[in-house]
Structure formats: structure tokens, C-alpha cells
Amino acid sequence: MLTPNKRALIMGVANERSIAWAAAQRLKLQGAEIILTYPNDAIKKRVEPLAAELGAKAVIECDVSSDASITRCFEQIKKHWDHIDILVHSLAFADKQDLEGAFVTTSRESFRKALDVSAYSLIAVTREALPLMKSGSSIITMTYLGATKVIQNYNLMGVAKAALEACVRYLAWDLGSKGIRVNAISAGPVKTLAASGVRGFRSLLDSVGQMSALQRNITADEVGKSTVYLASDLSSGVTGEIHFVDAGFNTGALRVPDAKPQAD
């Protein structure tokens, strides 16, 4: 096992198709003990059966847009654990109208909310987790290629993910002296609840499947397996990195259709 007896806090499970759920399953298979969080009662109804299936230690409310809620969450965690070895941050938010049309129409309030939940929350939860983390601990968040390349209709979320990736680098340097590693996984498109809000997502999925180096899309489970790698001692020398799990799509620029054979 790669994470035996490790304690993993997983933030961001929304349903059984969530990347965070795939990460939780893989960490559990490798021996980790799990606590899941949820942001509100609607998501709680979906998460509780999954937590029971996983044998999670606890399911705790945490609205990452509220410092008070984050503090209460970690107070509850301390009742179950005296330390955290793994923190998986798989959280993002943008209003649906900001995931289509022109980026220039983004409102100030939409921008604030998206950056708060999608990027600042990593700082906020890391700060609360730090007293429970020791050398060898690992923090992992989830990003996407839209942070560095324009993906049609990803719009505001691309800017939020760019901020998140910058946070990963600065946190990695902040926490490196403590032996705590901070990394991000840049996953290819996966059919999740969050992805369904991006206009034209089905076409995006088809295009990536055709143009990636492996000529297919990835699965949430593949992201889960890379989460285990970044959470385990196998990646003990890796921090501040963006680890791509996208079937090689990010490495390419253009796929040229096979040329037809020329007649003699």
C-alpha cells in the first residue's frame, strides 16, 4: 500500500462522478483513512451515502467562502484526528453565465466569487490545516489547461485556475521548510457536475479525445491514481508542480489528418 494509515481530508466530492470521489476511492484502497466535507445540505444528501460506502471517518460541513465555516470544520476534524497527512482540494465555482459568451462581460461580483471559492479557498483551508500537518504531508489541488491556454467558454474559470496555480507555487515555497508539499493536477476534461456547466462541453470532450497524444479522454480514476502518487512517498521530492493527467493533450498544438495516398 502507498498511503497506509494516512489521514486524508477530501474536499469537493459532489457525487459519484466527482474527481474528488475518484481520489477518495483510490486513497482508501491504498490504506488511507478518509474524512469528506460538503458545502451545503443539498450536497450533503449526495455525499453521505458515498461516505458510508467508503467507510469515511466523518462527513463535515465546510463552506469555503466563509472563514467561520472553515474554522468550525477544522474544529470538528480535531475531534476525530490529531493530524492530517493528505489534503485534497477539489473545489471551484463560477456562475453558469460566466462559462459562455464573451469574457469581457464578466461582472465584478462574479469575478470575486469565482476567485474566492476556486483559488483563495486553497489558502484558507491550508492555513487551518497547518497546525495538524507535519513534515511529509501533502496538499493536492485540481486545475485545468484553461489556466494557461484559452479554452472557449471556460472564461472566468480559466482566470481562477491561473490564480490557483500561482497559489500552489507560493504555498509550496511557504511550506517547503516544514517538509509539506503542495502540488496541482491538471486533469483533462471529465464528465462531472462542474463540467456540465461549461457550454459546449460535449464538443470539447470529443475534440480532446481526438487530438490528445493517446487519442482518447481520461477517466476520473486516472486522476485518482495520480492523486495517490502525489500523496505518497513516491513523490517525496515533488512540490510546486502542475502534474498533467490529460492523455498528453497539453503537449500538442495540431493534429494533421492522415494524408491520402497519392496516385502514381
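The values are calculated or read from the model by the stated rules, or taken from the named source; none is laboratory data. Computed from a predicted model, the values in this text were never measured in an experiment. Virtual Cβ from ideal backbone geometry, glycine too; neighbours counted across all protein chains shown.
Here P131 meets each of (1) within 23 Å of W21 (Cα to Cα); (2) surrounded by fewer than 15 Cβ atoms within 10 Å (Cβ to Cβ) with one exception, condition (1). Checked against the criterion of being at pLDDT below 95 and not hydroxyl-bearing (S, T, Y), the candidates G31, G12, G55, G101 yield just one match: G101. For the stretch 29-79, filtered to residues that are touching a Cys at 6+ places or on another chain (Cβ under 8 Å) and among the hydrophobic types (A, V, I, L, M, F, W, C), the residue that is farthest from E109 (Cα to Cα) is I60. Listed by first and then second residue, the pairs with beta-carbon distance under 9 Å, at least 6 apart or on different chains, first residue in the stretch 134-156 and closer than 25 Å to S236 by Cα, second aromatic (F, W, Y) and assigned to a helix (DSSP H, G or I), are L145/F249. When residues in the stretch 181-213 are screened for being over 20 Å from the mean Cα position of the chain (by Cα) and crowded, with 22+ Cβ neighbours inside 10 Å, 0 of them pass.
Of the residues R169, R216, the single one that is charged (D, E, K, R), over 16 Å from A23 (Cβ atoms) and surrounded by 15 or more Cβ atoms within 10 Å (Cβ to Cβ) is R169.
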